[in-house]
Amino acid sequence: MLISTKDLNYLTDELSWELLAMKKCHHYAGECQDPQIRQLINQTGQMHQQHYETLLSQLQSAAGATAGMNQPQAGGNQPQPPQQTAGTQPSPGLPQVKGPEMNDRDLINDVLAMEKYLANGYNTAVNEASTEPLFQTQLRLLNEVHQAQRNLYNLMHQKGWYKLDTADAIQVSKKAEQFANYRTQFPYA
C-alpha cells in the first residue's frame, strides 16, 4: 500500500500519541485507589496498545510497498522487543484536603482529556487519508477512542465528578421554535 507524505506524518503522530497514551494509562492505573477506575484505565491503555500495533502494521505494510521503489537498505536492524516497565506503587490514599498530589479523579480526568485530544487527531487523519485501507483503519480506531472516551465520561458522571446542568425548559422551547421557523429558508422542496 502506497501512502502519501501527509499519511506518513499522521501515522507518525498517531504512533507517538498511542505510545504516550498507553504509558500514561499504565502509570495512572497503578496510582488509582478505586478498582473500578483502575480497571477502566487499564482497559483504555490496552486499547491504545492494540491501536499502536494496528498503526505499526499499516506503516510496515507501506514500508514494504515502497521498498522496491527506493534503494535497497542494508539489513541487520531487527525490531527490539518492548522493554518491561517496573510496576508502580499505588499512592497511600486519597488526600483528605486536595493538595498537589493527583487523586483518582485527577487521573481519570487526565485520561478523558487525552482521549478527546486523540479523537481530534484521528478525525483529521481520517478526513485526509489517501488510501481506503488506511481510511478504514483510522476510522475504526477513531470509533474505539470515542467509545473509550464515553466509558470514561460515564464513570466520572456516575461518581459525580462530571456534572451537567439541565437546560432551562423555556430556553429549549424557544430554540426549538426558532429553528423550526428556519424551515422557510430550506432550498429543497
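Miscellaneous remarks
- Candidates are the residues of region 151-179 that are in a loop (DSSP other than H, G, I, E, B) and not aromatic (Phe, Trp, Tyr); the one that is modelled with the lowest pLDDT is 164.
- Region 148-172, subset free of Cβ contacts under 8 Å to residues at least 60 places away in the same chain and among the aliphatic types (A, V, I, L, M), residue surrounded by the fewest Cβ atoms within 10 Å (Cβ to Cβ): 164
- Residue among 129, 113 that is in contact (Cβ under 8 Å) with a residue 12 or more places away in the chain and under 23 Å from the mean Cα position of the chain (by Cα): 129
- When the residues of region 3-22 are filtered to those that are farther than 15 Å from residue 151 by Cβ and small (Gly, Ala, Ser), the one that is surrounded by the fewest Cβ atoms within 10 Å (Cβ to Cβ) is 16.
- Selection status of residue 148, of a type in the set (Gly, Ala, Ser) and part of a helix (DSSP H, G or I): yes
- Looking only at region 1-23, and only at residues there that are closer than 14 Å to residue 141 by Cα and touching a Leu at 6+ places or on another chain (Cβ under 7 Å), the one that is modelled with the lowest pLDDT: 17
- Of the candidates 81, 90, the single residue that is touching a helix residue (DSSP H, G or I) at 6+ places or on another chain (Cβ under 9 Å), surrounded by fewer than 16 Cβ atoms within 10 Å (Cβ to Cβ), at pLDDT below 50 and of a type outside the set (Phe, Trp, Tyr) is 90.
- Residue tally, condition closer than 30 Å to residue 130 by Cα and crowded, with 16+ Cβ neighbours inside 10 Å, over region 23-55: 9
The values are calculated or read from the model by the stated rules, or taken from the named source; none is laboratory data. The model shown is predicted, which means the values in this text are computed figures rather than measured ones. Because the Cβ atoms are built from the backbone with ideal geometry, glycine has one as well, and the counts that use them run over all protein chains shown.
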